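Notes follow the structure.
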Amino acid sequence: MTDTRNKSGGRPAKNRIDRQRRVVSTKLTELQYYAIKKRAGEAGLRVSEYVRQAVVSAEITPRLNRQDADTLRKLAGEANNINQLAHRANAGGFAKVAVELVKLKNRIVEIISHLSDDWKNKERKRV
């Protein structure tokens, strides 16, 4: 039997780091599979290479933590205050609620400042 490791020619062996040895599997619906297959074809890639590149380059926004969820609930609660002030401004004029609007704005800014950096000024990207 001959030793194929010492033969000349052929593709050189990949470095340990460059070898693709790990497998990650997932289940897809037929629709999801064919959507990925179509996109891979349009990109001129095999499905496996397309998925590999998509996974590595994807930006994922983590789920809300409990503190951020509470903060967002407080922020949503301020919407009721805004609505009440809008009704009062329509009935009695803006001048009567101007000071309260400034206070409300300051409260909202304070609530937003308690959000983690993941949820502030972050544009959500769709992968």
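The values are calculated or read from the model by the stated rules, or taken from the named source; none is laboratory data. In this text, all values refer to a predicted model and were calculated from it rather than measured experimentally. Accessible surface areas use protein heavy atoms only, side chains included; no ligands, DNA or RNA. Shrake-Rupley method; radii C 1.70, N 1.55, O 1.52, S 1.80 Å.
For the chain, the 222 nm mean residue ellipticity estimated from helices alone, with every DSSP H stretch of n ≥ 4 adding -39500 (n - 2.57) and the total spread over all residues, rounds to -18000 deg cm²/dmol. Using only Cα atoms, find the angle between the long axis of helix 30-43 and the longest principal axis of the chain, and express it within 0 to 90 degrees, rounded to the nearest 10. Computed tilt is about 70 degrees. Quick one: compute the contact order of the chain, relative version, from alpha carbon pairs under 8 angstrom and 6+ residues apart, as a percent. For the chain, the relative contact order is 24 percent. Separation of segment 76-111 and segment 29-50, taken as the distance between their Cα centroids, equals 50 angstrom.
On a 0 to 90 degree scale, rounded to 10, what angle separates helix 66-92 from the longest Cα axis of the chain? Taking Cα atoms only, the helix is inclined about 40 degrees.
Excluding ligands, DNA and RNA, the accessible surface per residue across segment 8-76 is 96 Å² with a 1.4 Å probe. Pick the calculated Rg and Dmax of the Cα atoms in Å for this structure from [x] 14.7, 46; [y] 27.8, 99; [z] 14.3, 42? Here Rg and Dmax of the Cα atoms in Å agrees with entry [y]. Seen against the Cα atoms of the chain and their longest principal axis, helix 98-113 is set at about 20 degrees.
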